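Okay, so here's the structure we're looking at.
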There are 2 protein chains.
Amino acid sequence: MPKDVITPRATDYNQWYLDIVREADLAEPAEVVRGCIVVKATGWGIWEMMQRELDQRIKATGHANVQFPLLIPKSFIMKEAEHVEGFAPEVAEVTRAGGEDLTEPYVIRPTSETIIGHFYSRWIRSYRDLPLLYNQWCNVMRWEKRPRLFLRTSEFLWQEGHTAHATREEAMEETIRMLNVYERIMKDVLALPVVPGEKSEGERFPGADNTFTCEAMMSDKKALQAGTSHFLGQNFAKAFDIKFQDRDGEVRYAWTTSWGVSTRLIGALIMTHSDDDGLILPPKVAPVKLALLPISTDQDLISSTLEPKAEEIKAAIEAVIGRRTVELDTRYHLRPSDRFFHHLQRGVPLRAELGEKELANQTLRLVRRDTGERIDVPMEEAPRRVLEVLEQVQENLYRRALDFRLSNTFEVSSMDEFKEVLDSKGGFISAFFGGTKEDERAIKEATGATVRCFPLEDHSTGTCFYTGRQGCKRAIFAKAY
Amino acid sequence: MPKDVITPRATDYNQWYLDIVREADLAEPAEVVRGCIVVKATGWGIWEMMQRELDQRIKATGHANVQFPLLIPKSFIMKEAEHVEGFAPEVAEVTRAGGEDLTEPYVIRPTSETIIGHFYSRWIRSYRDLPLLYNQWCNVMRWEKRPRLFLRTSEFLWQEGHTAHATREEAMEETIRMLNVYERIMKDVLALPVVPGEKSEGERFPGADNTFTCEAMMSDKKALQAGTSHFLGQNFAKAFDIKFQDRDGEVRYAWTTSWGVSTRLIGALIMTHSDDDGLILPPKVAPVKLALLPISTDQDLISSTLEPKAEEIKAAIEAVIGRRTVELDTRYHLRPSDRFFHHLQRGVPLRAELGEKELANQTLRLVRRDTGERIDVPMEEAPRRVLEVLEQVQENLYRRALDFRLSNTFEVSSMDEFKEVLDSKGGFISAFFGGTKEDERAIKEATGATVRCFPLEDHSTGTCFYTGRQGCKRAIFAKAY
């Protein structure tokens, strides 16, 4: 296959995804390091924009950033029973360092509840020391047998928040607060409509009492868990002896939470918004928001007029939409269509063409990446109009993804219907459910679908489609990444 | 020793340093992970400010951020002869992962020339692909037998730039360009006066043809290497087969560079500016730039007037000097002197007191951390005056450190004089030097001092103080961290 061709989604969704990642310069498999990737310039640029937006919100909700060690004594991972079961099989172990065999191996953090629990137990003495509200941006490692760019990689980048509280109520409030922060940023910045909900018993984080999630629907109708927030109860407090003297003089275990989102979100963006031409990025996370192309075959006109004018327009637009957000494309040796295609594939939200006709009319032609719509705007109004159209693109991408999810969510009330709908239509299956962990497993085996979550905003109850039990909550099932 | 007491520098410089780090909440030893640290909230806040400033400059000079894997196949480290000698003894090795012994171990990156070299060799085909100008912000690991908070830790955070060029000249230009970027940011943001210079043969990066450095003087007159930029020649290109077809059709090896600064800079800040009361931070890297303290014993006055007024002043000042840069101290249960001391120890550049007298006079009392100077300013002028005084603090810290270095730099012209001056005065020894790597070693054994650099701005030549050779360049010698 020629390097710059993107396989249509309908032909091979998986290959379409890989083609998008390659052509948009997002990442490539590292190959020499099992399951790891190189995050390339555009991919990292998107991650930086997400980081900036999320970091502000993490700070605005009272958290401070810190940094704990990359390595964790292996014995720490073994201290919380469910945690060891969940993570021990996938850790990478450091057994030699500084030319010597280590007496106790370290693991590269797969997540940091254990080592942070160790320090929290040292830092907390009294209720006055609570709450502790910390976050770290870092890399983690979980050995992947079946890696998939951004979605499942052995090393990935993320933020992990870890908090400790004096009461169950405060810890639960914090868990939900951060779930809400995730939902808002996914909606407002990534244009991802997600379903915030609670995980079933079978899908919880190893060591959590409750896990809350933001579930997104990809364009192949499969679900993707886009971010999670865990109420850890007193499990890690007991395993790591995180105790405090309360107001009444009693010594109590603290209540802890953890919450994280990762570079996996880049995968969610790709599979939500992109099309057969390539990547589509919501303007708010697009490192390049506008590609500006002077177009002419007259080299003199280009140097004397078009390019100086383009520089001027670039500066004026960047003054409104931000520094280094406009890319001036001066690759005149390529055909205009090839130049267009380059930016299409890279997901640049808006293209601006400046040719002889535009020069004569003192206009600029804007072309939307999401709809292909062409808009001629008076040159002096360009900055304001670009800002306006970018907002429309952002809004449209969200609306489009939401419509797609809503029109691919189906209510069912029996197992037969469940299977029939899932086979014929795919998508999200909405059903009252009150089964056990074992029931979840049986449903997964029969259908390939798992409980994605019990949506928080849905308070209705009804008869479980599987067990027939009464008064059950509504669940969303789907095949998932 | 009581927890909040700082040992005077004159008594025990090393203990003073540890006390500062502890009391300012910068970091603590991780203990359970050999040589590693927890970077705490204030420490990480400083690092974030450095990152932001430096990242802008790295991008402004045409580089893009990317991310390469944490792990490197051990065989890669072995490919460049000097590199293996320098780094093999200090790597941490991953020998098990996903529950299995690995056939080839990985090392946790001690630096990334090798793995990046591997990818560059795949990405570069033609001169048109050059230059490659990439940087990454990441953690690295070098097993430390004698760790020291921020200065030498097994894991540390840094940025590492890696570039590949078609010609020697371009690569050398890049090496110097980034050295200059480092010098400027150290001067303008960290208030660190540094000597930019070239390393001697004995002090080069393992695998570099030339290493350039920014050398700073700490307040105990020892030197600290604050950042380095390496001209790698074709060494890594040859080891990793980084070749390109040139304009003339010939296939040539590329020329590469690398450059980095790390969390070690936090150690440099501490040991340059701080005093026996605690940390002193230059305003441009201080997460909290102003501590604002309403002071009264009258609780009613506090709630009715002082605190609302303080909130108002805080908002007005933050509008001028930046969001979340003013800390409102409402710990009325403490004595004012204890509240002052808290901010002193944490290095907050400016304190503002708002008491009954200030309220009556409609003034605000500013107290500078660097000089202790008290300045009463009219309340409505507070934002502008705070900004002004912060600029003066920044400037003064730089000036003071520069004066200290200049007055502790001594020219010598013989070995006897070298020893005599170093023993009696310490500091930087400036001398013409043209010795070999073996001569460097002998001087180090005799005096404890090493060649810090050949300063780039000094073009004078003279007789080598050690070999008597003519026409030698000036070198700076010092005992170093």
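The values are calculated or read from the model by the stated rules, or taken from the named source; none is laboratory data. Remember, it's a predicted structure, so these values are computed and weren't measured experimentally. Here Cβ is always computed from backbone atoms with ideal geometry, including for glycine, and neighbour counts include all displayed protein chains. For accessibility, only protein heavy atoms count, side chains too; no ligands or nucleic acids. Shrake-Rupley method; radii C 1.70, N 1.55, O 1.52, S 1.80 Å.
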Of the residues in the stretch B:24-52 that are more than 7 Å from chain A (Cβ to nearest Cβ) and among the basic types (K, R), the one that is surrounded by the most Cβ atoms within 10 Å (Cβ to Cβ) is B:R34
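Residue by residue, here is whether (1) farther than 30 Å from A:W16 by Cβ; (2) assigned by TED's automatic domain parsing to the domain that holds A:E311; (3) open to solvent by 20 Å² or more (accessible area, probe 1.4 Å) holds:
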{"residue": "A:L344", "(1), (2), (3)": "no, yes, yes"}
{"residue": "A:G347", "(1), (2), (3)": "no, yes, no"}
{"residue": "A:L354", "(1), (2), (3)": "yes, yes, no"}
{"residue": "A:R365", "(1), (2), (3)": "no, yes, yes"}
{"residue": "A:D370", "(1), (2), (3)": "no, yes, no"}
{"residue": "A:R374", "(1), (2), (3)": "no, yes, yes"}
{"residue": "A:V377", "(1), (2), (3)": "yes, yes, no"}
Please name all residue pairs, on different chains or six or more residues apart, with Cβ atoms under 6 Å, provided the first residue is in the stretch B:305-322 and is under 14 Å from B:A291 (Cα atoms) and the second residue is among the charged types (D, E, K, R) and modelled with pLDDT of 95 or more. B:I321/B:K289
Counted residues in the stretch B:446-468 being part of a strand (DSSP E or B) and within 14 Å of B:D416 (Cα to Cα) come to 0
In the stretch B:157-185, which residue that is in contact with a helix residue (DSSP H, G or I) (Cβ under 7 Å, 6 or more places away or on another chain) and hydrophobic (A, V, I, L, M, F, W, C) is farthest from B:P282 (Cα to Cα)? B:A166
Tally, over the stretch A:154-177, of residues that are open to solvent by 10 Å² or more (accessible area, probe 1.4 Å) and either of a type in the set (S, T, N, Q) or more than 14 Å from every other protein chain (Cβ to nearest Cβ) (or both): 9
Pairs with Cβ under 6 Å, 6+ apart, first in the stretch B:84-106 and at the interface with chain A (Cβ under 7 Å from one of its Cβ atoms), second of a type in the set (S, T, N, Q) and surrounded by 11 or more Cβ atoms within 10 Å (Cβ to Cβ): B:T95/A:T95
Does the stretch A:379-390 hold any residues that are open to solvent by 40 Å² or more (accessible area, probe 1.4 Å) and under 29 Å from the mean Cα position of the chain (by Cα), and which are they? A:L387, A:E388
Test: residue in the stretch B:121-137 that is among the hydroxyl-bearing types (S, T, Y), crowded, with 21+ Cβ neighbours inside 10 Å and under 14 Å from the mean Cα position of the chain (by Cα): no
Which one is nearest to the other protein chains (Cβ to nearest Cβ) among residues in the stretch B:116-139 that are touching an Asp or Glu at 6+ places or on another chain (Cβ under 6 Å) and not in a strand (DSSP E or B)? B:S121
Quick check: anything in the stretch A:79-100 open to solvent by less than 10 Å² (accessible area, probe 1.4 Å), more than 18 Å from B:P105 (Cβ to Cβ), touching an Asp or Glu at 6+ places or on another chain (Cβ under 8 Å) and in the same structural domain as A:E144 (by TED's automatic domain parsing)? yes
For the stretch B:58-73, how many residues are surrounded by 18 or more Cβ atoms within 10 Å (Cβ to Cβ) and either more than 10 Å from chain A (Cβ to nearest Cβ) or polar (S, T, N, Q) (or both)? 3
Subset of the stretch B:60-110, residues touching a strand residue (DSSP E or B) at 6+ places or on another chain (Cβ under 8 Å) and basic (K, R), comes to B:K74, B:R96, B:R109
Which ones in the stretch A:362-399 are closer than 21 Å to A:D276 by Cβ and free of Cβ contacts under 8 Å to residues at least 60 places away in the same chain? A:V367, A:R368, A:T371, A:G372, A:E373, A:R374, A:N396, A:R399
Conditions (1) under 30 Å from B:P89 (Cβ atoms); (2) facing chain B (nearest Cβ under 10 Å) -> A:I77 fails only (2)
Of the conditions (1) at the interface with chain B (Cβ under 9 Å from one of its Cβ atoms); (2) open to solvent by less than 10 Å² (accessible area, probe 1.4 Å), the single one that A:P110 does not satisfy is (1)
I'd like to verify a number: residues in the stretch A:1-20 that are under 15 Å from A:H273 (Cα atoms) and within 14 Å of chain B (Cβ to nearest Cβ), how many? 0
